[in-house]
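Written out below as structure tokens is the structure these notes cover.
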Amino acid sequence: MTITWNDSLNFARKITLRRSLNLGRVLASYYLTRWLRRPIQWGLPVTLSIEPTTACNLRCPECPSGLRSFTRATGNLKPDFFRRLVDELQADLFYLYFYFQGEPYIHPQFLDMVRYAHERRLFTVTSTNGHFLDDENARRTVESGLDRLIISVDGTTQETYEQYRVGGKLEQVLAGARRLVDWKRRLGARHPHIIFQFLVVRPNEHQIADLYRLAKETGVNEVKLKTAQVYEYRQGNPLIPTQDRYARYRQDPDGLWRPKLVLANHCWKLWHSCVVTWDGLVVPCCFDKDAQYRLGNLHTQSFRELWHSQAYETFRQNLLKGRDQIDICTNCTEGCRVWA
């Protein structure tokens, strides 16, 4: 596998003075907030996740899309709303993530939206289960200017893969990855930077070494190992790995399980990023999968108004008071916790 210099250089090309100044304002706000223990926000998001669709072709056991368990409305992102949002934020934004819930490639205009963001010099990223990378989509993905593509490969044999990616076909995913690599070569393109992401769970933890071999054979750029969030962990869960380094949970002497990280009452994500659902709701982060904490609606207010609203300030203040009182925070590992 190649090293990630091309990916880093590609990101560096997106840097502008205004985006750098916005990042500086966000960083200053965050650290001053931690010092004064009251929410301050001088900037706009550095990264934004937007949801192309809630639809998915698979039935993964720890995913609301896979379980079809949403209580919120489901549907597809409207391209005209997407363009309006990008136009409002593009001058200050660095990253645009095309994922939250659902499989992005199901949206019929997904790659057109990627191209729109690329033309505005945003660093674009998406995550896919890899089942829709036929020859046309592989070519169009490269031509769209997508900067980084994460492909979920949660097993190196079909038997293991389908234990989590229920309904999935591993060979179809690998064939799609090979098509992407081939089209990059044929078009002389350096992006997208292709990542095989491996969600480490008990059924597949013995295949980590095989994954690196498979990634090298396929020609992708990078492998990332990801720990798994599970919703029901107190009594244990068959998905929790036996290898402690890959498990988010630890068994106590009383036999019950708990997250092995300690909550800290601050969160970088609440200052530099947020999530926009397909229908324009803004939620704090990717752990709010069912849009339980709705901080505003972009169909009725501008992003700037929403980002600096009383609702956002109140949520940030509540987080500073105690993350253990916010249920979506209690199972989180996002850079603001320390090992127990």
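The values are calculated or read from the model by the stated rules, or taken from the named source; none is laboratory data. What you see is a predicted model; the values in this text were computed from it and never measured. Reconstructed Cβ throughout: ideal geometry from the backbone, glycine too, with neighbour counts over all protein chains shown. Side chains included, ligands, DNA and RNA excluded: accessible areas come from the protein's heavy atoms. Shrake-Rupley method; radii C 1.70, N 1.55, O 1.52, S 1.80 Å.
Being touching a residue at least 12 places away in the same chain (Cβ under 8 Å) and out of contact with any helix residue (DSSP H, G or I) (no Cβ under 8 Å at 6 or more places or on another chain) is a property that holds for Thr4.
Looking only at the range 14-51, count every residue that is closer than 26 Å to Val114 by Cα and either open to solvent by 40 Å² or more (accessible area, probe 1.4 Å) or among the polar types (S, T, N, Q) (or both) and tell me the total. Working first, answer last.
Of the residues in the range 14-51, the ones closer than 26 Å to Val114 by Cα are 14-23, 26, 43-51.
Of the ones still in play, those that are also either open to solvent by 40 Å² or more (accessible area, probe 1.4 Å) or among the polar types (S, T, N, Q) (or both) are 15-18, 20-23, 47, 49.
Of the residues in the range 14-51, 10 are closer than 26 Å to Val114 by Cα and either open to solvent by 40 Å² or more (accessible area, probe 1.4 Å) or among the polar types (S, T, N, Q) (or both).
Summed over the range 202-221, the residues that are outside any helix (DSSP H, G or I) and either open to solvent by less than 20 Å² (accessible area, probe 1.4 Å) or at pLDDT below 95 (or both) give a count of 4.
How about the range 293-317: which of its residues are open to solvent by 40 Å² or more (accessible area, probe 1.4 Å), out of contact with any helix residue (DSSP H, G or I) (no Cβ under 7 Å at 6 or more places or on another chain) and not hydrophobic (A, V, I, L, M, F, W, C)? Once the filter is applied, which keeps residues that are open to solvent by 40 Å² or more (accessible area, probe 1.4 Å), out of contact with any helix residue (DSSP H, G or I) (no Cβ under 7 Å at 6 or more places or on another chain) and not hydrophobic (A, V, I, L, M, F, W, C), the range 293-317 yields Arg294, Asn297, His299, Thr300, Gln301, Arg304, Glu305, His308, Gln310, Glu313, Thr314, Gln317. Tallying residues that are closer than 18 Å to Tyr312 by Cβ and part of a loop (DSSP other than H, G, I, E, B) within the range 11-55 yields 10.
What are the residues in the range 163-199 that are among the basic types (Lys, Arg), modelled with pLDDT under 95 and surrounded by fewer than 19 Cβ atoms within 10 Å (Cβ to Cβ), if any? It would help to see each step written out before you state the result.
The first filter runs over the range 163-199 and keeps only residues among the basic types (Lys, Arg), leaving 165, 169, 178-179, 184-186, 190.
Retained after the next criterion (residues that are modelled with pLDDT under 95): 165, 190.
Matches in the range 163-199: Arg190 only.
Condition test on Gln235, is it under 29 Å from Gly176 (Cβ atoms), open to solvent by 30 Å² or more (accessible area, probe 1.4 Å) and not in a helix (DSSP H, G or I)? Can you show your working first?
Working: under 29 Å from Gly176 (Cβ atoms): no; open to solvent by 30 Å² or more (accessible area, probe 1.4 Å): yes; not in a helix (DSSP H, G or I): yes.
The answer is no for Gln235.
If you go through the range 138-160 and pick out every residue that is within 23 Å of Phe100 (Cβ to Cβ), at pLDDT 95 or above and not aliphatic (A, V, I, L, M), you end up with 7. Beta carbons closer than 6 Å, at least 6 apart along the sequence or on distinct chains, pair a first residue in the range 107-120 that is touching a residue at least 40 places away in the same chain (Cβ under 8 Å) with a second that is open to solvent by less than 10 Å² (accessible area, probe 1.4 Å) for His107/Pro52; His107/Thr53; Phe110/Pro52; Phe110/Pro104; Met113/Phe82.
The set of residues in the range 52-106 that are buried (at least 19 other Cβ atoms within 10 Å of the Cβ), among the acidic types (Asp, Glu) and within 19 Å of the chain's Cα centre (by Cα) contains only Glu103.
Listed here are the residues, each with its yes/no results for (1) touching a Leu at 6+ places or on another chain (Cβ under 6 Å); (2) closer than 13 Å to Thr277 by Cα; (3) without any contact (Cβ under 8 Å) to a residue 40 or more places away in the chain.
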site	(1), (2), (3)
Gly66	yes, no, no
Asp87	no, no, yes
Asp92	yes, no, no
Gly102	no, yes, no
